[in-house]
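The values are calculated or read from the model by the stated rules, or taken from the named source; none is laboratory data. None of the values given here were measured: they were computed from a predicted structure. Don't worry about glycine lacking a Cβ; one is built from the backbone with ideal geometry, like all the others, and counts go over all protein chains shown. Only protein heavy atoms, including side chains, enter the accessible area calculation; ligands, DNA and RNA are left aside. Shrake-Rupley method; radii C 1.70, N 1.55, O 1.52, S 1.80 Å.
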Amino acid sequence: TYFRMKRYPEAIRYNKEAFDMHRRLHAVPNLQLATLMNNLGCVLRDSGKPEEALELFEEALGIASPLADRDHICIAEISLNLGLLYLQGGDLPKAKPFFETAIPSFDKNYGPEHMKTRLAKSKLESVLAAQIPQSGV
């Protein structure tokens, strides 16, 4: 709720508490831990801490990848957020494969009209459009 309200200090605090609690209670990394890391990464990204967010997203993907198939929704969520972070930083070549990973899973699990499916598709389209050389007239 604090994240949606853009009250980032509170959102960071509560996300960190949930993350720390889960880590204490579960010795073995699992998909829930990856999801908590992804959530905290979103808050950090949107609060202007992209480097911290990148570390969490990459670690979350490292945890989730051996535990879930490539088309698992957890992988899609993390991939979308990595794509958005790279796009925000202007690194289109790095953003592209993450959107390409997220789209099939969102489409399969949520359908083509879901906001996350549409977001991933529109971001991929913008990356592809930016990579097409414009001819001068």
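Some points to look at:
- Rounded percent of accessible protein surface that carbon and sulfur make up, the chain, 1.4 Å probe: 55
- Straight-distance crosslink candidates among lysines, where the alpha carbon sits under 19 Å from LYS6 and sequence neighbours closer than 8 are dropped: LYS16, LYS49
- Annotation: extensible slack from ARG118 through GLU17 equals 33.2 nm (criterion: 0.36 nm per residue apart, minus Cα-Cα distance).
- Average accessible area per residue (Å²) across the chain - probe 1.4 Å, nucleic acids and ligands excluded: 59
- Solvent-accessible surface ranking, highest first, for PHE3, PHE19 at 1.4 angstrom: PHE3, PHE19
- The relative contact order of the chain comes to 16 percent, based on Cα pairs under 8 Å that sit 6 or more residues apart.
- Neighbourhood net charge (14 Å Cβ-Cβ; Lys/Arg +1, Asp/Glu -1) for ARG118: 0
- Charged-residue dipole, Cβ positions (Lys, Arg, Asp, Glu), the chain about Cα centre, Debye nearest 20: 320
- Kirkwood-Stokes translational diffusion coefficient of the range 67-137, alpha-carbon pairs, 37 °C, 0.692 mPa s, µm²/s: 266
- Euclidean distance between Cα centres, the range 4-28 to the range 65-110, Å: 22
- Extending 7 Å from the Cα toward the beta-carbon at both ARG24 and ARG70 defines two label points whose distance is 3.9 nm.
- Where LEU44, LEU25 fall by accessible area, highest first, once all protein chains stay in place (1.4 Å): LEU25, LEU44
- Computed magnitude of the charge dipole of the range 29-90 (debye, nearest 20; Cβ of K, R +1, Cβ of D, E -1): 80
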